[in-house]
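All remarks here apply to the structure that follows.
The values are calculated or read from the model by the stated rules, or taken from the named source; none is laboratory data. Keep in mind that what you see is a predicted model, and the values were worked out from it rather than measured. All Cβ positions, glycine included, derive from the backbone under ideal geometry; neighbour counts span all protein chains shown. Surface accessibility is based on the protein's heavy atoms, side chains included, excluding ligands, DNA and RNA. Shrake-Rupley method; radii C 1.70, N 1.55, O 1.52, S 1.80 Å.
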Amino acid sequence: MQYGEFNTNQAIGVRLCRNVSLDDKYYIKGHALTAEDIDVLKKYDINKVFGVVFEDGDIDYRTALVQISAKICGDGLGYFVDDDGLCKIVATFDGIYVADENRLDKFNGFNEHFILNTIAPYTSVKEGDIIAELEVTPTLLHEDEINDMLFRLSGNSALIQIDKIKERKVSLVYTNLIRDESENMDFTSVVMKLVTNFEGIGLQFGSEFNSQYEKNILAESLFDACKSGADVVFVISPLCSSGSNNVLAAGLKIVSDKIFNYFYPQVGASDLLIGKKGKTTIIVLPHSYGRVDTSAIDGMIKHALFTEELTEADFAHKHASWLAYRVKIAASKQKKLIKANTKSGSSAKANVGIVVLAAGQGRRAGANKLMVEDKSGEPLFMRAVKAAISSNARPVFVITGYRHEEVEEWLDKYDVNVLYNPSYAAGIKTSISLGLKAVPSSCDGAILLPADMPNIKAADLNKLISKFDTKADKQICLMSSFGVKSNPVLWSKSLYDYADIVPENSQLRTVFVGHSDYIKTVEVKDKKKLLDINYPNDVKSFAQE
C-alpha cells in the first residue's frame, strides 16, 4: 500500500483516508475516487487529497471489519459496517450480553489497528440494541496482518454473544448478630438494592433463611438454602469478612465444593466471597453492600452467575472500558445486518475442547524444555498450542505451572484460556484435573495434549475428533503407531474423572486397560509425529530444527 498526498488530477483510484463532506456530496473513508469524483473535487478547488493506493495483498478496512466481526460474534448477534466507518454489533433477540472482561482486554492488546468497545458484560439488552463497536484504524491492511489477527482469535469460543434470559431461583441467608432494628434495616436496604441492581436478568427472589453469626450454624443454613432448589444463594452479613478463616469464609468452606474469590480491591467493600456447591452459586456480599458504589462488584457477581465453569483466574483482574451509551439500530439498517451463526449445523459433529499440558518442570531434559527455542526463535510448547488453535477443538485451555510467567508471556498474544496450576510439582494429574474441570459442559469431550510433542499438527488432532462418536456415552480416542499407543488422548466427558495420558514407556496405565472396550485409535505411520521431548539429546535435536 502507498499512503500519501496525491494531486487531485492524478487521484483516480486513490482511496480516501478520511471522510470528506461537501455541500452535495459525502465520501466515506476508503472510497475509491472516480473521474466524476475528481471533477467534483476540482469544482470545490480541492487540489490535493490524502489517500492510499492498493497493492497486491492489501485488504480494505471494511472487509477487515466484517472478517473480524464474523470471528468474534456468537449467538444472538449481527453486525454491519455503518457510514461512519465503524462496525456496529447488534443484538438480534432480547437477552443478556455475555463476555469475559479479561478476553476483551486481551483483544485490544493484540494489534493497535483493531479496537473493540462494548457495553458492560451481563447487561440485559433488547433486540436491535447496539452492544459493541469495532474499528479498524488504517484504510488498508495487508492480508497477512488480518490473517494473523484471525489466528490469534481462533483458540476460543465466540468472544461476545447474547444469552437468552432464564429464570434462576434465589435464596437469601441472613447472618444475624444482634437482631435489632438497625440490623434489620441494613438487611432490608441490601435486599432492595439487590433486587434493583439485578433486575431484568431472570433472578427470582424467594426463600429466606436466618443464621446466627457462627460458622457451623451458617453452614447448616447454607445447606438448607442449597437443598431448597436455589440456583443462587446470597449471604447478607452485618460484619466484614476479613481473611479466609473468618466466620463467613469458614462457614462457606464447610459447604462449598470450591471458593473462587476471597477478596475484591475496593475500599470499604473488599469482603466479597464467591463459591459453588454443585450447580448452586453462593455469594457472600460485602457487609457494606447497601451503602457503597457496587457497580464493579455487581459485574463480578454477574460474571459468577453467567459463567458455567468458574476458576480463580476469572477473578484475577478486572479492568476494561465500556461503551458509555446503548442505542437501538435504526430500522433502515436492519437489512444490512449480517447475523452471526456459531452453530455446528450437524448434531453428528463432535464438540470437543482441548487441554494443552504445559506445567511440568522437565527435569530429565536438563533444562526448561518447554521454553527451548527452535531456529525461528519460538519455544517448543508453542508448537502444541498452535496445533490446538488451528484444529477443530474449541475452546483451547493451556495449563501452566513451572516458570509460568515465561509461558504466559507468549500466550498473551493469543485468545486462549490460560490456567495456572499452583500444584504442578505434585504431578501431571493435577493439571489434567484442573483443565478438565474448566471445559464447558457443552463439549462432548476433551483432548489432553502434552506440550512437549512438537510434531503434532492440527490435522492429527482433527483425526482424533473425527473418530469421536457423539452417540456413544463412553469412549477414548488416542494415537497409535505400529501398535504402540501414544498421546494425545481424547476422553468423553463421562470419563473425565478417570482421564490420564499415555505414559512415556507406552505401557498403558490401569485406567486405559479398565476402559479398553471404549478405546479407538488413529493409526500414524510416521513415528516422528508422536515424538515427545524428554532427554537432553531430544532437546538438542529440536533446537537444530
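Brief remarks follow.
- Qualifying residues in segment 177-196 (those that are open to solvent by less than 50 Å² (accessible area, probe 1.4 Å) and of a type outside the set (Phe, Trp, Tyr)) - the one nearest to LEU305 (Cα to Cα): LEU194
- Positions within segment 483-531 being part of a helix (DSSP H, G or I) and within 34 Å of the chain's Cα centre (by Cα), in sequence order: LYS493, SER494, LEU495, TYR496, ASP497, TYR498, VAL511, PHE512, TYR518, LYS528, LYS529, LEU530
- Leading residue by the ranking (modelled with the highest pLDDT) among those in segment 442-458 that are hydrophobic (A, V, I, L, M, F, W, C) and surrounded by fewer than 23 Cβ atoms within 10 Å (Cβ to Cβ): ALA458
- The condition (being free of Cβ contacts under 8 Å to residues at least 60 places away in the same chain, touching a Lys or Arg at 6+ places or on another chain (Cβ under 6 Å) and open to solvent by 10 Å² or more (accessible area, probe 1.4 Å)) is satisfied by just one residue among GLU36, GLU5, GLU55: GLU5.
- Filtered residue count, segment 495-529, keeping only those that are of a type in the set (D, E, K, R), surrounded by 11 or more Cβ atoms within 10 Å (Cβ to Cβ) and touching a residue at least 60 places away in the same chain (Cβ under 8 Å): 2
- Number of the exception - SER154 against (1) free of Cβ contacts under 8 Å to residues at least 12 places away in the same chain; (2) open to solvent by less than 40 Å² (accessible area, probe 1.4 Å): (1)
- Taken as a whole, the structure places ILE115 among residues that are under 19 Å from the mean Cα position of the chain (by Cα), assigned to a strand (DSSP E or B) and touching a residue at least 12 places away in the same chain (Cβ under 8 Å).
- Filter result for the condition that a residue is of a type in the set (Phe, Trp, Tyr), assigned to a strand (DSSP E or B) and in contact (Cβ under 8 Å) with a residue 12 or more places away in the chain, over TYR122, TYR174: TYR174
- Pick from segment 14-32, criterion in a loop (DSSP other than H, G, I, E, B) and out of contact with any Leu (no Cβ under 7 Å at 6 or more places or on another chain), ranking: surrounded by the most Cβ atoms within 10 Å (Cβ to Cβ): CYS17
- Against the list (1) modelled with pLDDT of 90 or more; (2) more than 29 Å from VAL418 (Cα to Cα); (3) open to solvent by 60 Å² or more (accessible area, probe 1.4 Å), the condition PHE80 fails is (3).
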